[in-house]
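Asker: So that we are looking at the same thing, I have put the structure below in structure tokens.
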Amino acid sequence: GATRAHTRAGRRGLQEAGNGGTCPANVTAGVTLIGDDLFRGARTKISGRAPFFVDDYEFDTAVVLQAGSTLAGFTVTAAPGENTIGVHPVGTGVTVRRNTVAGFADGVYVTGPTTPAVLDNVLMGNFNGLGYTSYSVAGGRVESNNITANTYGVEYDVGGGDLGGGGESAGLNVISCN
């Protein structure tokens, strides 16, 4: 059967758990959630986190991306804490583009067989800006991101990560002051 894709436009403002929103924001399969794409979420925000289970481990997570979904143009923040994830791609064909993600243990945290496209984001003020776990696949495109002011910029716990020049990713990432 055919699959249907849906696009949802985020309204200017703030979605947070204490303000009528729900966390984690679960972007279902095939849905594209677009906020302030032009300014990387300067006017569209997702704030907060709630428990989400990954392979029997519990993480406080702000956004979960299912297969074929896209998150574009949001500022994703939360109060700092251990085992926190800003954006968590869990399905194949996921795109994380033009977002600002700050204040988490892992800004973007990749687990399992997903190979997301992580494109033109600002990942700052996290413990790890971008993290791939030992039980993930180090694939996908990681291009044109500004990964700065984290404790660690990028953590690959699995071999084969490509931040540019490895054949899968064009690179052009700025990784500084981590």
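The values are calculated or read from the model by the stated rules, or taken from the named source; none is laboratory data. Just so it is clear, the structure is predicted and the values come from calculations on it, not from any experiment. Note that each Cβ is placed from the backbone with ideal geometry, even for glycine, and that neighbours are counted across all protein chains shown. Note: areas computed on protein heavy atoms with side chains; ligands, DNA, RNA excluded. Shrake-Rupley method; radii C 1.70, N 1.55, O 1.52, S 1.80 Å.
Asker: Amide H neighbours of THR61 under 5 Å, at least 5 residues apart or on other chains, H built in the peptide plane: list them.
Answerer: Amide H to amide H, under 5 Å and 5 or more residues apart or across chains, THR61 pairs with ALA50, PHE52, ILE85.
Asker: What is the percent carbon and sulfur in the accessible area of the chain, measuring with a 1.4 Å probe over the protein chains and ignoring ligands?
Answerer: Carbon plus sulfur share of accessible area: 51 percent.
Asker: Follow-up question, since we're still on this one. Considering only THR75, SER136, ASN126, whose Cα is most displaced toward the positive end of the charge dipole of the stretch 37-140, charges sitting on Cβ of Lys, Arg (+1) and Asp, Glu (-1)?
Answerer: Final value for the positive-end residue is THR75.
Asker: Quick one: the Cα spread of the chain along its three principal axes, in angstroms, biggest first?
Answerer: 43, 42, 37
Asker: About the Cα centre of the chain, how large is the charge dipole given +1 on each Lys and Arg Cβ and -1 on each Asp and Glu Cβ? Please answer in debye to the nearest 20.
Answerer: 860
Asker: Using each residue's phi in the stretch 167-178, evaluate 6.51 cos²θ - 1.76 cosθ + 1.60 at θ = phi - 60° and report the 3J(HN,Hα) Karplus result to the nearest Hz, with x for Gly and Pro.
Answerer: The phi angles translate into x, 9, 10, 6, x, 6, 7, 9, 10, 8, 6, 9 Hz.
Asker: What whole-number value in Å² describes the accessible area per residue of the stretch 44-130 for a 1.4 Å probe?
Answerer: Averaged over the residues of the stretch 44-130, the accessible area is 32 Å².
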